[in-house]
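A short worksheet on the structure shown next.
The values are calculated or read from the model by the stated rules, or taken from the named source; none is laboratory data. On a predicted model such as this, the values are computed, not experimentally measured, just so you know. As a convention, Cβ positions derive from the backbone with ideal geometry for all residues, glycine included, and neighbour counts pool all protein chains shown.
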Amino acid sequence: MSSQVALAIPPPSPSPIQALYGALAKTRLYNTFLEYTRPYIEHVLNEPETAEEEAQKLLNDTKFLYLLNMLSQDAVLTISEDKLREAYEYAQNIFGKFGIDIEDLMEIILEHDLWRLRQIRRNFDDFVTMFLNFATESPEDAYRYAVILTALTLLLIASLETKTREKLEPIANKIKELTDELELYTLTFMAALERNEEENRVVTTAGSTEELRKALEAA
């Protein structure tokens, strides 16, 4: 796997609940996205365990990456936190109708999406710096993160077209597998961003090179 692929995934690219909301809103942009990803969504609908393989195919597709860039701009400009919560509740209800409880799983995805959206809107420079450092230092982990987000997006959109428990249950199982990993990424990013902000404060207040070195060692 190439580190170039990992670095090609922009931090602001739409994450699962953002993409789910877009699919529900049925704007022209998201309809284009859905039309392009239709074969991948149908494959995941029939075989949820292939979600990661389908995600990797998409992440090697230049047109898909262009669509992600456009969707990222749309998401940042138009999607509110309340709209994300509405999409979260809608997805929960789809599974809930068949007695499948995914509340904890969706809470993990929602927490990740809300935190990332807030960073992009209020703390963009530090957030992008943190993410690019992560992608540069750990390209395989960055690529895995992109695969997880894309796979979850395919699974959630596939669930919109599912009418039976037999179809939904394996989708829920795959979502659980991926959200376990996503939660670790969320915590890692939060800690890294907090550490970077602390180091920036130290650099700003240090009066000399020696003071800066000691302060960074203590941070």
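Which residue out of Ala192, Ala135 is at pLDDT below 95 and under 24 Å from Glu54 (Cα atoms)?
Numbers: Ala192 fails: under 24 Å from Glu54 (Cα atoms).
That would be Ala135, the only listed residue that is at pLDDT below 95 and under 24 Å from Glu54 (Cα atoms).
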remark   = Among (1) charged (D, E, K, R); (2) buried (at least 22 other Cβ atoms within 10 Å of the Cβ); (3) out of contact with any helix residue (DSSP H, G or I) (no Cβ under 9 Å at 6 or more places or on another chain), Asp113 falls short only on (3)
task = Report the residue count in the range 148-167 for those that are closer than 12 Å to Val44 by Cα and in a helix (DSSP H, G or I).
result = 11
request  = Given the conditions (1) surrounded by fewer than 21 Cβ atoms within 10 Å (Cβ to Cβ); (2) under 17 Å from the mean Cα position of the chain (by Cα); (3) small (Gly, Ala, Ser), report the number of the one that Gly99 does not fulfil.
outcome  = (2)
task = Scan the range 43-80 for residues that are within 17 Å of Ala23 (Cα to Cα), at pLDDT below 95 and buried (at least 19 other Cβ atoms within 10 Å of the Cβ) and jot them down.
result = Leu67, Leu68, Leu71, Ala75, Ile79
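Return the residue satisfying two criteria in turn: it lies in the range 12-45 and is of a type in the set (Val, Ile, Thr) and in a helix (DSSP H, G or I), and of such residues it is nearest to Lys174 (Cα to Cα).
Step one: list which residues in the range 12-45 are of a type in the set (Val, Ile, Thr), which gives 17, 27, 32, 37, 41, 44.
Subsequent filtering for residues that are in a helix (DSSP H, G or I) retains 17, 32, 37, 41, 44.
On the way: Ile17: 16, Thr32: 26, Thr37: 19, Ile41: 14, Val44: 10 Å.
The residue in question is Val44.
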task = From Glu107, Glu49, grab the single residue that is under 30 Å from Ala191 (Cα atoms) and either charged (D, E, K, R) or not in a helix (DSSP H, G or I) (or both).
result = Glu107
task = Consider only pairs whose beta carbons are under 7 Å apart and that are at least six residues apart or on different chains; among these, list those whose first residue lies in the range 148-159 and is in contact (Cβ under 8 Å) with a residue 12 or more places away in the chain and whose second residue is buried (at least 24 other Cβ atoms within 10 Å of the Cβ) and not in a helix (DSSP H, G or I).
result = Leu149/Ser15
